[in-house]
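For reference, the structure discussed in these notes is given below.
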Amino acid sequence: MAAVGGVESQPALPDFRARVRLMEMVAMATIVATVAFLTLYPIYYLLQASFDVGLPDTRPPTAYGIANYAKLLDYPAIIWNTLLVTFAATAMALVFGFMAAWILTRTNVPFRRALDQLMTVPYYVTPLLGALAWSFLGAPESGFVNQVWRKLGGTEALIDMTSPFGIAWVMALFEGSVAYVMISAVMQSMDPALEEASQVMGASRRRTMWRITLPLVMPGVLGAAIFVFAEMLGSFAVPLVLGTPARFYVITTAIYHFISQYPPRIPLAAAMGVSLFAVMFAMLWLYRWLTSRTSYVTVTGKAFRPRLMDMGGLRWWLFGIVAFYVFLSAVLPVATLAYAASQKIAVAFPAAANFTLEHFRQALSINAVRVAMWNSLILGAVTATLGVAITGMLAWIILRSKIPGRGALEYLAMFPQAVPRLVFAFGMMWAWLVFPLPIYGTFWVLLIAYLTVFMPLGVRAISGVILQLDKSLDECGQVCGASFLYRLRTITAPLLRPGLLAAWLLIFVASVRELGASILLMGPDSKVMTPAIVEAWFSTSSELTAAMALIQTLVIALVILAFGLLTRRVAHHGAGAQ
Amino acid sequence: MKKRTTTRRTFVKGSLAVAAMPLLAGSLSQQLAAQGRPVTKVLDFNTTADVAKAETEGEFTYYSHDSEPGIAGILAAFNKDFPKIKGKYVRAQNSTLFSRTIAERSANKFTADVIQFSEPATALDFQKRGGYTRHVSPQAEFYAAEHLSNPVGDYFWVGVTFAGLAYNTEKVKPEDAPTGWKDISKPVWNNGVNVKMSNSGMQFVQWYELRKLYGDKFWSDFAKVRPRGFDSRAQQFERLAKGDDKLCVLAEYAGYLLVKERGAPVEFVAPADGLPAAPLLAGVADKCPNPEAARLFIDWHMSQRGQNHQQTDKFLYYGSVRKDAPAMPGGKRLADYKLLSPIKDMDTFVASRDAFNKEWNAMLGL
């Protein structure tokens, strides 16, 4: 093994080792301090706001109390709506993600590589784009599907995407892709020998999947469940676009209305946001409890070659299932938006007089949009790169180090996920406004905000893979005298590479499509793209919004494509060198 | 661009011109003189801004509630007249803009040069907190006193947006078409009506004015048709155009023009009892980093040039309250409409904000 071979050349001087150990401690302490600072600093201001019962819009608060929390009881319908949609959407997303991950990583389904690429497309799409597309398709009156249905003789709406089920469906379609990325990263790192052993013992494919595959990938599934649940809890664009027309409000849309009315009810919104901590941490506790009960190690020192199950004729059915998901979550929405964006007023039945390319021309002519797109890409790349480094180390500290309080660190890292971004953004704004360094209103504050809010994404994406690595691999290097950093570089990082690359991609895309924090934190010289798209939806038309969202999606797709080619070339180069 | 000169002669001429203005109220001219700033003529309007200094500053930051294309348009129009001054902007909804600005100021961060709100209550609150730099513009003479802040110089009415009713001509039978405000509570509109959310200053004005006209029960009767609330006129008209809703109860004329241009089957109705009208208010922010550029922008915005731009830009279409304002697109002037605006009872209006929020949120199921 390279690591063991490399260790032989390590100096064996005790003071050198002590220095290295000291450096490791300093590195760990730095990471812990950074994470604690990034999360606790804005949370302090958020908590302060949630207890603010003093003069409105006066900072710091002039009086404190619990009246804002007491007011939450006035909104039982909103809390019920939120939980209903969140649980339904999480369950659906996990089913979509797990099925697709299993089919594409464990079976010999045709066009596997192409489908794998396509499965990630829904995640590249902003949630607003997905919501808009399904609104075009399934609004009770003007939805294209319902227009066609009525033309065929139907009287009532065939589908209603503004219903709670419709909202959960759309949320699940797009988050299913996230679940897929997280679960498939775990499945890729799983030794197929266990599944093969099951089949050799006479178990059917289905039984093998339920009794062997599912339990083994449980950390990934649970990690994805926690993350997707949190995403759903904080989901804003879909309930806003689809729920508002039906007078269906969830906590995020209620928060949005409370902070945008005059006088703004920020303390109540903060209390609503902070109260979600309880729900989120209950889920996280459950996750930790479940993953601590047993070992999920599948990647050991023993070499394995990923082998796929031969599904016979069933493989085409499996292909159909994944292809249909891709069609519903990527092809249909993008095609719908392209169709809608090329009409003056989007209707189901095309007419030459209604055709226009004006929306695309207008989208491309807005100078601020062009600048914002470029800014978003740069910020996305920097956030993803730094984010993977920080969250990778963080995940390692949480799962593999012996430092006291590492469990608390995981809860800490999940804080930003537990609060809707719209509210957390206020905490960040107040925090970074009073920070002694002049970073407010610059790219730096956006970068810090993105690193903070996407910390849970990185930790969750990388943790699932780390849990699968046998500690003995690292311990072997340690026994041979390799330092932590050396082991990290030569043993852990190469084994984690699929997970790290997946995390980079997830954080990059999440950054480019970020909305909640950007709206409040971007300054006149640091504009980013997604707020401009949402703004277009508010102030111009769905058709122009569709054109802008399509352009953004296309640019992201090109970047992802370039990233894929680059990483493949690097992998080839690495293989060649070895 | 025409050549500008700020010589002693033009200064004296400008000052004399101001002194000779017969229509200028005494207090206004005194306040203008008290500023001790020379009045110069630039292009075709008077300003008290030091244009050379403004060009040295080279930029200013505009905080506004307007739409992105609307803001970009007005900054581009200004930049066309003053190529050496670049306008940057921060855009947010009225209340978020207010919260952000207040938070910035409490942290001693002063980045806004010009700030525009869409609701008088917000502008008054901002004024009470000392948020504006007093700048009495020579353009103020073209505005009625009620369209300027009290005292003059904190903010002015950039324009007004007004609303009537609008309905979808394909979804509404001619005999059901509304003609007046009282028609909005008819059962025929059940689950087919839209209004704006309580975050809208315009919606607040409509609630206040129609309640004043028809009594407290007017809105509780309307609540029975289960209206849907939206954030912007663009969303309201889009739903109307596509037939998702049959009637728009807060149909801003500016939004109507925009959707009509796209060929939507929508008709505007101006009820005889009057059209609620809400102002947009802009002023120079206190301790702004680019004060001369900010003053110049405000003077330009108040002038015929700025007002003409906002009346004709399709993302704004705000009616000008300037006394000599040209006609709006469509040929009508603001004065041609009977507008309902809480100018005379502004204090009562502002004080009723909480009552409105409560009633409106409850009506929309929030």
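When the alpha-carbon atoms of segment B:86-243 are used, the pair Rg, Dmax equals 19.5, 60 angstrom. The 1.4 Å probe gives accessible areas that order A:Met283, A:Met161, largest first, as A:Met283, A:Met161.
With the other protein chains left in place, how much accessible area per residue, in square angstrom, belongs to chain A at a 1.4 angstrom probe?
Normalised by residue count, the accessible surface of chain A is 40 Å².
B:Lys88 accessible area, nearest 10 Å², 1.4 Å probe? The accessible area comes out at roughly 20 Å². Counting Cβ atoms of other protein chains within 10 Å of each residue's Cβ and taking the mean over peptide A:56-65 gives 2. Relative to the longest principal axis of the Cα atoms of chain B, helix B:68-81 runs at roughly 30 degrees. Near the amide H of B:Val39, within less than 5 Å, lie the amide hydrogens of B:Ser15, all on another chain or at least 5 residues away, with H placed in the peptide plane. Would you be so kind as to identify which of A:Val528, A:Leu469, A:Leu565 lies farthest towards the positive end of the dipole of chain A, taking Lys and Arg as +1 and Asp and Glu as -1 on Cβ and the Cα centre as origin? The one lying farthest along the dipole's positive direction is A:Leu469.
Where the convex hull is taken over the Cα atoms of segment A:73-157, what is its projected area averaged over directions, in nm²?
Numbers: hull surface 35.8 nm².
Result: a mean projected hull area of 9.0 nm².
Give me Rg/Rg_expected for segment A:160-290, where Rg uses Cα atoms only and Rg_expected = 2.2 N^0.38 Å with N residues.
On the way: Rg = 19.7 Å, N = 131, 2.2 N^0.38 = 14.0 Å.
So segment A:160-290 has a normalised radius of gyration of 1.41.
Histogrammed with a bin width of 10 Å, the alpha carbon distances of segment A:341-405 distribute as 17, 21, 18, 17, 14, 10, 3 percent, first bin at zero. Ordering A:Trp396, A:Val334, A:Ala372 by the projection of their Cα atoms onto the charge dipole of segment A:312-446, which places +1 on the Cβ of Lys and Arg and -1 on the Cβ of Asp and Glu, puts A:Trp396 at the extreme positive end.
Note on chain B: with neighbouring protein chains present and a 1.4 Å probe, carbon and sulfur make up 52 percent of its accessible heavy-atom surface. About its Cα centre, segment B:217-300 has a charge dipole of approximately 380 debye under the convention of +1 per Lys or Arg Cβ and -1 per Asp or Glu Cβ, with nothing else charged.
Dipole size of segment A:444-578 about its Cα centre, with +1 on Lys/Arg Cβ and -1 on Asp/Glu Cβ: approximately 400 debye, rounded to the nearest 20. Within a 10 angstrom radius of each residue's Cβ in A:538-546, how many Cβ atoms of other chains show up on average? Whole number is fine. Mean inter-chain Cβ contacts per residue within 10 Å come to 6. A Förster radius of 35 Å combined with the Cβ-Cβ distance from B:Leu213 to B:Gln30 puts the calculated FRET efficiency at roughly 0.35.
Quick check: net charge around A:Pro127, other residues with Cβ under 13 Å of its Cβ, Lys/Arg +1 and Asp/Glu -1? Once positives and negatives cancel, what remains is -1. Residues of segment B:260-275 that bury at least 50 Å² of accessible area when the other protein chains are present, relative to the chain alone (probe 1.4 Å, heavy atoms, ligands and nucleic acids excluded): B:Arg262. In this Cβ point-charge picture (+1 for Lys and Arg, -1 for Asp and Glu), chain A has a dipole of about 1080 debye about its Cα centre.
Accessible surface buried at the A:B interface totals approximately 4700 Å², computed with a 1.4 Å probe on protein heavy atoms.
Using a simple spin-label model with pseudo-atoms 7 Å out from Cα toward Cβ, A:Leu152 and A:Leu55 lie 6.4 nm apart. Put simply, the C-alpha atoms of chain B give a gyration tensor, and the ellipsoid matching it has half-axes of 38, 21, 19 Å, longest first. The Cα-based radius of gyration and maximum Cα-Cα distance (Dmax) for the protein assembly as shown are 30.2, 105 Å. Farthest towards the positive end of the charge dipole of segment B:35-176, among the residues B:Ala54, B:Pro69, B:Val114, is the Cα of B:Ala54, using unit charges on the Cβ of Lys, Arg, Asp and Glu. The heavy atoms of A:Leu55 present about 100 square angstrom of accessible area, all protein chains included, probe 1.4 Å. Value of Rg to Rh for segment B:54-157, rounded to two decimals, is 0.96; Kirkwood radius and Rg both from alpha-carbon coordinates.
The values are calculated or read from the model by the stated rules, or taken from the named source; none is laboratory data. What you see is a predicted model; the values in this text were computed from it and never measured. Please note: Cβ atoms are built from the backbone with ideal geometry, for glycine as well, and neighbour counts cover all protein chains shown. Just the protein is used for accessible areas: all its heavy atoms, side chains included, with ligands, DNA and RNA removed. Shrake-Rupley method; radii C 1.70, N 1.55, O 1.52, S 1.80 Å.
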